[in-house]
């Protein structure tokens, strides 16, 4: 019964098609406009990895096993979060042409942009898999636990969508949210276990992996991708709770502030 | 045939709050916590109720600054209303000269995006694509970014998308001034032959002949209020008197 309703809805509505169309165009705009094209999407995390590897493994000698892969998975998750939040603060301004002349639902604009970021993430993740399985000397190979990454990514998607909704609707009434968020996110970057040894991180900042929603996502992603372990379910529960609360808040913000976008921006 | 309502608006109104400083920032808000900026309220639309049936062609006339554009934007669901409620049955599209296109996208992409926003499936846009391009006379510029288009080309493209793809409820703001004489003739022809039937149209114009020709009901607006809503002849009379 439910399936039939859903099926009918899919057939009669063009929503799914539209989301995909907008996501594809967004992706193309971002990567095919410059000379190096899609290569940028792949080069950027590699460059970051080289920098952090030199600093934390060679200069500071942290001695984390498989450090390049450790950085790789952490950075691509983090970059998705940054692109989907910092990158979308002005979304109601840049995508004004979509809602200024029609009664299109604004939520579709957000979801399609995040879908476009997800395509980028997918390419990066494929690179990670190739790197980890073929080039990493200390690799433990593939395992069934790897599939947990889907749940972890969904968590990240909801979290980013929520934050994106909140930030971009605040932008309507306070333009300098961009600067405020920049400071906040660089703080959060250093408070996430992206390049620190996990044990040091947990020792120095006890319980902070429960306070920072990105920390749990990165820790769990490493467990399932590199340690062949299931995720820490308690941590995952916390992170899903954070993401859901932020998404609900974001929806409230969109209804309250977002509806004024056409006249204020 | 059963008539259905396309738009029901009950007690809607819209006031714009314009503050003297245009910069809305956190810093500014914090520093001026006890010294709020002077605000000016502009009642662009005073309490109004109206009902529009599906398939009707409604004229909207009035002098500049009387609230025509605000009313169309509120009715199209682009602006939220301050009071009352609006029920819109179907997709809406507001059309004036530089309509809903991204300058960063090519004509092809814009056709697909607009078509999709107007509720068409990709396959349906595929079928309409050539018609739209031919009608807009931009065959050689299909894969050119719209930002390189001349304003005439842009307006023609927008018009063609609207004509061929069209939303359920169309708000047309002075559209008969698009393009050269040849294009205008073509536009009027298609407007008369196919478009006006079946679609709900709200026509905003200062050209009384156009209003008289197509609309059976019209609204005359004055100072943010609908002064009269009904017979077109009467509305035009009032408008002419107001212009004296």
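Read-outs throughout are calculated quantities, based only on the coordinates presented, and are distinct from any laboratory measurement. Because the structure is a prediction, the values reported are computed rather than measured. Here the Cβ is made from the backbone with ideal geometry for all residues, glycine too, and neighbour counts use every protein chain on show.
The angle between the Cα long axis of helix A:233-256 and the longest principal axis of the Cα atoms of chain A comes to about 20 degrees, rounded to the nearest 10. The three principal axes of the C-alpha atoms in the range B:5-243 carry coordinate ranges of 59, 50, 32 Å, sorted with the longest axis first. Run the paramagnetic zone check for residue A:233: 7 angstrom along Cα to Cβ, then residues of the range A:142-185 with backbone nitrogen under 16 Å. Answer for this model: A:145, A:148-149, A:151-152. In the range B:5-243, the DSSP beta bridges split such that about 55 percent are antiparallel, to the nearest 5. Against the main long axis of the alpha-carbon atoms of chain A, helix A:213-226 sits at an angle near 60°.
A straight chain from residue B:185 to residue B:82 at 0.36 nm per residue would run longer than the Cα-Cα distance by 33.0 nm.
With a cut-off of 18 Å, note down the residues of the range A:134-176 whose backbone N falls inside the zone around a label point 7 Å from the Cα of residue B:31 toward its beta carbon. Counting only backbone N, you get A:174-176.
How high is the relative contact order of the range B:49-131, in percent, with contacts defined as C-alpha pairs under 8 Å that are six or more residues apart?
Working: 33 pairs, mean separation 13.3, N = 83.
16 percent.
Between residue B:10 and residue B:241, the FRET efficiency estimated from the beta carbon spacing at R0 = 25 angstrom works out to 0.30. Taking every alpha-carbon pair under 8 Å whose residues sit at least 6 apart, chain A reaches a relative contact order of 25 percent.
Within the protein assembly as shown, what percent of beta bridges assigned by DSSP are antiparallel, to the nearest 5?
Numbers: 24 of 42 bridges.
Here the share of antiparallel DSSP bridges comes out near 55 percent.
Each principal axis of the protein assembly as shown carries a Cα extent, and these read 87, 58, 50 Å when sorted largest first.
Where does chain B land at 222 nm, in deg cm²/dmol rounded to the nearest 500, when only DSSP H runs of n ≥ 4 count, each adding -39500 (n - 2.57), divided by all residues?
On the way: 8 runs with 84 residues, N = 244.
Helix-only estimate at 222 nm: -10500 deg cm²/dmol.
Relative contact order (percent) for the range B:1-147, with alpha-carbon contacts under 8 angstrom and 6 or more residues of separation?
Numbers: 171 pairs, mean separation 38.8, N = 147.
Answer for the range B:1-147 is 26 percent.
Once both labels are positioned 7 Å from their Cα atoms along Cα-to-Cβ, the gap between residue B:51 and residue A:205 label points is 6.1 nm. A Förster radius of 25 Å combined with the Cβ-Cβ distance from residue A:86 to residue A:62 puts the calculated FRET efficiency at roughly 0.35. Computed FRET efficiency, Cβ-Cβ of residue B:121 and residue A:198, R0 51 Å: what is it to the nearest 0.05? In this case the efficiency is close to 0.55.
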